[in-house]
Amino acid sequence: MELWFTEKQTEHFGITAKVRETLVTEKTGFQDLAIIDTVEFGRMLVLDGMVMTTVRDEFVYHEMVAHPAMITHPNPRRVLVVGGGDGGVIREVLKHPSVEKAVLVDIDGRVIAHSKTYLPEIAGWLDDPRVEVIVGDGYMYIHEHKREYDVVLVDSTEPVGPAVQLFERGFYAAIHEALKDDGIFVAQTDNPWFKADLIRKVQKDVREIFPIARLYWANIPTYPSGLWTFTMGSKKHDPLQVDESRIPEMETRYYSPRLHKAAFVLPKFVEALCAE
Ligand code: SAM
């Protein structure tokens, strides 16, 4: 008998993947967790029925959450990751030699534990001595920290359950307060095909709070519509003013000095979401 995992990305549309093996399932204190081994994309972390990361395409998402901000900031030493319990964003952050301290705050310790066990190629850097892992609510944490971080990266689930507050204006305003005077933040902001209203709202909020607000995108095949966006808010440094010749060639498979600015060139229907 064949086993297939299906994620309904909308009421009427979804993706399906053939499953080799179900490695673990658990109803945690916050969400339904499963790690499955799929034929096409390898091991896959699923939360509340939604694909969070897969061994085959995770590099795109994790590189694109981290590097545009880490490169735009001239000397990122203290970095905060909100969510990101699979450890992929931390792995990319630690590729920057300037980093002295990287703090990860994920609300669900079970995601961290299972990722370490079943996704070592993603979570294997969470025990680095520069990393502090905190199991807690990122919304609360950010309100308790002022002027402490150079870069804040929000790698949350979609705006459901414990992550709803992480897409609210108050959260972005609190991030502004948690950043130093020349700080930068990036948050994943879903896709323009099925979540255009969310992108419009977040872009409007961030434009009102930060002097520099940008949207960029990447292709992630297992995420809804495959076209994923990221919102950047910056207090001083503009990613479009970065001198590409200053961007070091890093150990990456998606992000590159040439792609840094290209990722901010948006298709017209996506650009329109930022203009309104
Ligand atoms: N890349 C994935 C995506 O774009 O959908 C997200 C992956 S990451 C595993 C998402 C993490 O956000 C989960 O581990 C979840 O526990 C965490 N999370 C959700 N709400 C949170 C909150 N309020 N504070 C901290 N972490 C939260």
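Selection within the range 16-45: residues that are surrounded by fewer than 19 Cβ atoms within 10 Å (Cβ to Cβ) and β-branched (V, I, T). The member of this set that is nearest to the ligand (Cβ to nearest atom) is T28.
None of V99, V105 is out of contact with any Gly (no Cβ under 8 Å at 6 or more places or on another chain) and of a type in the set (V, I, T) except V99.
If you go through the range 66-77 one residue at a time, do you hit one that is without any contact (Cβ under 8 Å) to a residue 40 or more places away in the chain and more than 30 Å from A196 (Cβ to Cβ)?
Scanning the range 66-77, I find no residue that is without any contact (Cβ under 8 Å) to a residue 40 or more places away in the chain and more than 30 Å from A196 (Cβ to Cβ), so the answer is no.
Checking each residue in the range 208-219 for being surrounded by fewer than 23 Cβ atoms within 10 Å (Cβ to Cβ) and within 16 Å of the ligand (Cβ to nearest atom) picks out L215, W217, A218, N219. T231 satisfies every condition listed in (1) of a type outside the set (K, R); (2) in contact with a Pro (Cβ under 9 Å, 6 or more places away or on another chain); (3) on the phi < 0 side of the Ramachandran plot except (2). Taken over the range 176-193, the criterion of being outside any strand (DSSP E or B) and away from the ligand (no atom under 13 Å from the Cβ) is satisfied by H176, E177, A178, P192, W193.
Within the range 220-254, being of a type outside the set (A, V, I, L, M), closer than 27 Å to K204 by Cβ and within 16 Å of the chain's Cα centre (by Cα) holds for Y223, P224, G226, W228, T229, F230, T231, G233. Given the criteria in contact with a Lys or Arg (Cβ under 8 Å, 6 or more places away or on another chain), surrounded by fewer than 14 Cβ atoms within 10 Å (Cβ to Cβ) and not polar (S, T, N, Q), does E271 qualify? Answer is no for this residue.
Here is a yes/no grid of residues against (1) closer than 19 Å to D32 by Cα; (2) at pLDDT 95 or above; (3) not hydrophobic (A, V, I, L, M, F, W, C):
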site: K95; (1), (2), (3): no, yes, yes
site: S98; (1), (2), (3): no, yes, yes
site: K101; (1), (2), (3): no, yes, yes
site: D108; (1), (2), (3): yes, yes, yes
site: H114; (1), (2), (3): yes, yes, yes
site: I122; (1), (2), (3): no, yes, no
site: W125; (1), (2), (3): no, yes, no
site: V131; (1), (2), (3): no, yes, no
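Against the conditions (1) on the phi > 0 side of the Ramachandran plot; (2) away from the ligand (no atom under 11 Å from the Cβ), D48 satisfies every one except (2).
The residues in the range 118-172 that are free of Cβ contacts under 8 Å to residues at least 24 places away in the same chain, closer than 21 Å to R78 by Cα and more than 9 Å from the ligand (Cβ to nearest atom) can be counted, and the count is 3.
For the range 155-167, the condition holds for at least one residue, the condition being that it is within 15 Å of the chain's Cα centre (by Cα) and in a strand (DSSP E or B). Among the residues of the range 222-259, which ones are in a strand (DSSP E or B) and more than 26 Å from H176 (Cα to Cα)? L227, the sole residue that qualifies.
If I ask for residues that are in a helix (DSSP H, G or I) and surrounded by 23 or more Cβ atoms within 10 Å (Cβ to Cβ), which ones from the range 110-125 would you list?
As a first pass, look at the range 110-125 and keep what is in a helix (DSSP H, G or I): 110-118, 120-123.
Within the range 110-125, V111, H114, S115, I122, A123 meet the criteria.
Consider the range 86-109 and keep the residues that are closer than 27 Å to P248 by Cα, touching a helix residue (DSSP H, G or I) at 6+ places or on another chain (Cβ under 9 Å) and assigned to a loop (DSSP other than H, G, I, E, B). The one that is nearest to the ligand (Cβ to nearest atom) is D86.
Every residue, every condition in (1) within 22 Å of the chain's Cα centre (by Cα); (2) under 22 Å from G83 (Cβ atoms); (3) part of a strand (DSSP E or B), yes or no:
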position	(1), (2), (3)
E7	yes, yes, yes
R20	no, no, yes
L23	no, yes, yes
E26	no, yes, yes
I35	yes, yes, yes
L45	yes, yes, yes
V51	yes, yes, yes
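The values are calculated or read from the model by the stated rules, or taken from the named source; none is laboratory data. The structure presented is a predicted model; accordingly, all values stated were derived computationally and were not measured. Methodologically, a virtual Cβ is constructed for each residue, glycine included, from the backbone with ideal geometry; neighbour enumeration extends over all protein chains shown.
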